[in-house]
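Notes follow the structure.
The values are calculated or read from the model by the stated rules, or taken from the named source; none is laboratory data. The shown structure was predicted, so the numbers you read here are calculated from the model rather than taken from an experiment. Methodologically, a virtual Cβ is constructed for each residue, glycine included, from the backbone with ideal geometry; neighbour enumeration extends over all protein chains shown. Note: accessible area is taken over every heavy atom of the protein model, side chains too, but ligands, DNA and RNA are not part of it. Shrake-Rupley method; radii C 1.70, N 1.55, O 1.52, S 1.80 Å.
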Amino acid sequence: SETRIALQDTEEFPSLPNVEGGVELSLSAEALATALTHVSYCASSSTIKPELASVFVHPDGSTLVAVATDSFRLAEKRVPLKQPVTAEPFLIPARSVHDLLRVLERVRGTVTLCVGEHQLSVEEKGTYLTLRLTQGTFPDYAQIIPKEFVVEATMLAADLERVLKKASAFSDQFNQTTTSIDPKKNVCMIHTENTAVGETTDTVPATVEGEALTIRFNQRYLLDALHPIHTDSLVLQCSGQSTPALIRPIGDESFLYLVMPMNR
């Protein structure tokens, strides 16, 4: 056997860019990885709006804030920092988050980021990673988070996850599922229907406060909200049929998930 492989001149390989005039940030590698993992799946897969296809990172004093949204759902994670850090927010492209996480998982303790106007770099144990940051303005998401609710349903996360996984087998092409919250019976009913497959209705015991409400969600979006939740219980807070709903873990104020309802 004889094989020939064509090579190229090494001078044609691009040189590793150095972040010039950047600001150095020393953060807990675990805190940064946790924040990115909790929200990155919510970033948009479309590049039409680059700021939505990115993760918003804001080191704010003793808290690291990470947010991602595709305009249909939003996740925010707040992680405490041992050493206060204050810096301007920056946008990491969602496609680059996985590469950054691969470096962070090898770090024990503190990692130093060099954040410039257009690039971010990190160097750790012989590994040098540089990535281009997204240029743009992240939406002012705080104003769309509802403050008042007509109904709140508290339930076991495991119960809701079991029901939603079953519902996935009956989802239609739009992944639509109907959620009915009943304060009189203290239940949350999940109904999913697909004319080609069938339908299923499951009842989840819940502690309900407020008015009865029926609202439709994307079943996959609801299931995604449960993956970062590690507490036993969660609360589903709704302010109406056409306004965003919130999912929060009970006993953990650091994470919130906002999901838009679906129309027929």
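Summary of values
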item: Condition met for residue 252 (open to solvent by 20 Å² or more (accessible area, probe 1.4 Å) and either assigned to a loop (DSSP other than H, G, I, E, B) or within 16 Å of residue 151 (Cα to Cα) (or both)); result: yes
item: Filter result (under 18 Å from the mean Cα position of the chain (by Cα) and either acidic (Asp, Glu) or open to solvent by 70 Å² or more (accessible area, probe 1.4 Å) (or both)) within the stretch 74-95; result: 76, 78, 80, 95
item: So residue 98, is it under 25 Å from residue 144 (Cα atoms) and open to solvent by 20 Å² or more (accessible area, probe 1.4 Å); result: no
item: Selection from the stretch 190-207 of residues that are without any contact (Cβ under 8 Å) to a residue 24 or more places away in the chain and either open to solvent by less than 80 Å² (accessible area, probe 1.4 Å) or of a type in the set (D, E, K, R) (or both); result: 191, 193, 201, 203
item: Qualifying positions in the stretch 163-189 - touching a residue at least 40 places away in the same chain (Cβ under 8 Å) and in a helix (DSSP H, G or I); result: 163, 164, 165, 167, 168
item: Search result, residues across the stretch 23-72 that are hydrophobic (A, V, I, L, M, F, W, C), surrounded by fewer than 17 Cβ atoms within 10 Å (Cβ to Cβ) and in contact (Cβ under 8 Å) with a residue 60 or more places away in the chain; result: 23, 72
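Here's the yes/no breakdown for (1) small (Gly, Ala, Ser); (2) farther than 21 Å from residue 147 by Cβ; (3) touching a helix residue (DSSP H, G or I) at 6+ places or on another chain (Cβ under 9 Å); (4) open to solvent by 10 Å² or more (accessible area, probe 1.4 Å):
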{"position": "178", "(1), (2), (3), (4)": "no, yes, no, yes"}
{"position": "183", "(1), (2), (3), (4)": "no, no, no, yes"}
{"position": "213", "(1), (2), (3), (4)": "no, no, no, yes"}
{"position": "217", "(1), (2), (3), (4)": "no, no, no, no"}
{"position": "224", "(1), (2), (3), (4)": "no, yes, yes, yes"}
